[in-house]
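Shown next, in structure tokens, is the structure this report addresses.
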Amino acid sequence: MEHPKLKKESLGLWSVVFFVIAAASPLTGAVGALPIAFMAGNGPGIPGIYVVAGILLMLFSFGFIAMSRHVVNSGAFYSYISKGLGPSIGLGGFSIAMLAYLSMVFAVSSLFGFFSSIFLSSNFGIDVPWWVLAVANQVIVVILGIAKVEIGGRILGILMLLEVAIILLVDFAIVKQPVTMEFSSFSPSVIFSGNAGVGLIFAICSFIGFEASAIYSEECKTPEKTIPRATLVAVTVITIFYAFTAWAIVQYLGAANVGSVAAKDPGMFIYNMADQLLGGWSSQVMSVLLITSLFAATQAFHNTLARYLFSLSRDGLCWSKFSTLHKKYHTPYVASLVQGVVIIGGLLLFVAIGLDPMANIFAWSSALGAMSILVLQCAVSLAVVAFFMRNPSLEASLWSRLIAPTIASIGMVISLYMVVNNLDVLSGSNSPVVSALPYLVVICALGGFFIAKWLHKANPERFANMAKVVETL
């Protein structure tokens, strides 16, 4: 029986890049994470911290890319971990991946509803509950998730370019001013001063979503070339965008003042600068683009989840309908529909028990998602080393197969340790729920692992077929 496959050659390089950067949501990171990084992290050293984060993720990308040339599968992290560390650990990785991306969808959906509700109320006097708008967002996201994937790529591309453009307008307005530019933010003594670890947490979390390039490997043209290029382009663009933006802000406010100014009103930090530099129109445009940025991120994470479910179903490890493709669009439409129903049901449940979209849903979900993805990145780096040790004949340099992923895994473990120790800062909450989040990640990982072990005993043939549909080039 031939396994179902997603529509080949439906995505080009830039469509994949747009999906990836949209998931990282640059405007959301600039408006939400950057001010907190300035005030809680190492102030003027934040531009350099983004460069450090970019280098760490570039090191991760070398091994990630090397493996992507030999493994093409919409399961991405699940498939890579399965190939490198075995199907049992791979299924544990899948459980964490589902937790990670479900968390991110809840986080960005609640944020979308929150800011959309405020925008409608303040500009048009229309009071719409945040959850109604979040549900409407999910409906549109599901429809686009089922439609041709290249349509979603074009829409996300336009939205992503607009959100990057408005921040760059602020940056260039600063650079054009007749002030002396200085680059001490990139010196080691400034980068690693103050709470550099906290700054690094926010910097790394600003990249979340870049790893999704491999999700589209079955659907893009010449994946062995497109996925590596898309990954490198995405990491480079995100690094330059955040480092340049943070540096411009330091020039505008001054190294000695940037942390204290951010602390006065972090929520309006970027908006206030935009008004001062560009005029009142800019903060209004930015408000709209923040909403579209969150929509784009929701769409990108939705696509990622749908393809994870498709991949696991195709491996025979969950409901077979998840691997059913739309007859016209060749997209995993059942996975999209079910995911949409689960997210909408979850949002309504959160409303019923009285959770706040910002203080509870977004804070808890984003912290959980960031932590889970760091765990996955650690596992993938180790999987790359193990995969090439077992397959020495496969083409890959010593740097990509061993040195870079080893350094990346060490860096990811250190980053994960800092995230766990600073969850209250990352989430902005001291709730006991936040303290329990690391245990939830461990439970999910162990659950997937032991389910795989049970399957090995209960149905050896089915276990043996796990991940065999992964194409090895």
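In region 285-308, the residues that are touching a residue at least 40 places away in the same chain (Cβ under 8 Å) and under 16 Å from A136 (Cα atoms) reach residues that are aromatic (F, W, Y) and surrounded by 24 or more Cβ atoms within 10 Å (Cβ to Cβ) with C-beta atoms within less than 7 angstrom, at least six apart or across chains, in these pairs: I291/F112; L294/F112; F295/F112; T298/F112.
Residues of region 114-128 that are more than 30 Å from the chain's Cα centre (by Cα), among the hydrophobic types (A, V, I, L, M, F, W, C) and not in a helix (DSSP H, G or I): I126 alone. Of the residues in region 409-429, at least one is closer than 21 Å to V71 by Cβ and either surrounded by fewer than 19 Cβ atoms within 10 Å (Cβ to Cβ) or not β-branched (V, I, T) (or both). Residues in region 285-292 include at least one that is modelled with pLDDT under 90 and either closer than 25 Å to N42 by Cβ or touching a helix residue (DSSP H, G or I) at 6+ places or on another chain (Cβ under 6 Å) (or both).
Residues being under 24 Å from L337 (Cβ atoms), among the β-branched types (V, I, T), in contact with a helix residue (DSSP H, G or I) (Cβ under 9 Å, 6 or more places away or on another chain) and touching a residue at least 12 places away in the same chain (Cβ under 8 Å) are represented in region 212-224 by at least one member.
Starting from residues that are assigned to a loop (DSSP other than H, G, I, E, B) and not hydroxyl-bearing (S, T, Y), keep the ones in region 177-191 and report whichever is surrounded by the fewest Cβ atoms within 10 Å (Cβ to Cβ). Once the filter is applied, the top-ranked residue is P178. One residue alone among G84, G194 is surrounded by 24 or more Cβ atoms within 10 Å (Cβ to Cβ) and either over 21 Å from the mean Cα position of the chain (by Cα) or at pLDDT below 90 (or both), and that residue is G84.
Criterion applied to V261, V233 was being in a helix (DSSP H, G or I) and either under 25 Å from S415 (Cα atoms) or at pLDDT 95 or above (or both), and the one residue passing it is V233. Of all residues in region 380-399, exactly one satisfies the criterion of being among the hydroxyl-bearing types (S, T, Y), more than 25 Å from L91 (Cα to Cα) and touching a helix residue (DSSP H, G or I) at 6+ places or on another chain (Cβ under 9 Å), namely S397. In the set A37, A24, only one residue is modelled with pLDDT under 90 and buried (at least 24 other Cβ atoms within 10 Å of the Cβ); that residue is A24.
Taking (1) over 14 Å from S25 (Cβ atoms); (2) in contact (Cβ under 8 Å) with a residue 40 or more places away in the chain in turn, N272 satisfies each apart from (2). Being more than 22 Å from S311 (Cα to Cα) and not in a helix (DSSP H, G or I) is a condition met by at least one residue of region 412-427. Hey, any hits in region 311-334 for a residue that's β-branched (V, I, T) and crowded, with 20+ Cβ neighbours inside 10 Å? Yes, that holds for at least one residue. Screening S409, S400, S427 for residues that are of a type in the set (S, T, Y), farther than 23 Å from F60 by Cα and touching a residue at least 24 places away in the same chain (Cβ under 8 Å) leaves exactly one candidate, S427.
When you scan region 197-211, do you find a residue that is in a helix (DSSP H, G or I), of a type in the set (D, E) and either surrounded by fewer than 23 Cβ atoms within 10 Å (Cβ to Cβ) or more than 17 Å from the chain's Cα centre (by Cα) (or both), even just one? Checked region 197-211: no residue is in a helix (DSSP H, G or I), of a type in the set (D, E) and either surrounded by fewer than 23 Cβ atoms within 10 Å (Cβ to Cβ) or more than 17 Å from the chain's Cα centre (by Cα) (or both). Note on region 28-96: no enclosed helices (runs of 4 or more DSSP H) hold 2 or more residues that are of a type in the set (D, E).
Any chance region 441-459 includes a residue that's more than 23 Å from the chain's Cα centre (by Cα), over 30 Å from L111 (Cβ atoms) and not in a helix (DSSP H, G or I)? Looking through region 441-459, at least one residue is more than 23 Å from the chain's Cα centre (by Cα), over 30 Å from L111 (Cβ atoms) and not in a helix (DSSP H, G or I). Out of the residues in region 286-303 that are buried (at least 24 other Cβ atoms within 10 Å of the Cβ) and among the hydroxyl-bearing types (S, T, Y), which is nearest to Y216 (Cα to Cα)? So the residue we want is T298.
Taking the criterion of being farther than 20 Å from R307 by Cβ, out of contact with any strand residue (DSSP E or B) (no Cβ under 7 Å at 6 or more places or on another chain) and not in a helix (DSSP H, G or I), would at least one residue in region 374-390 satisfy it? No, that holds for no residue. A single entry from E163, E150 fulfils the requirement of being at negative phi, in a helix (DSSP H, G or I), at pLDDT below 90 and surrounded by 21 or more Cβ atoms within 10 Å (Cβ to Cβ): E163.
The values are calculated or read from the model by the stated rules, or taken from the named source; none is laboratory data. Keep in mind that what you see is a predicted model, and the values were worked out from it rather than measured. When we count neighbours, we look across all protein chains shown, and the Cβ atoms used for this are built from the backbone with ideal geometry, even at glycine.
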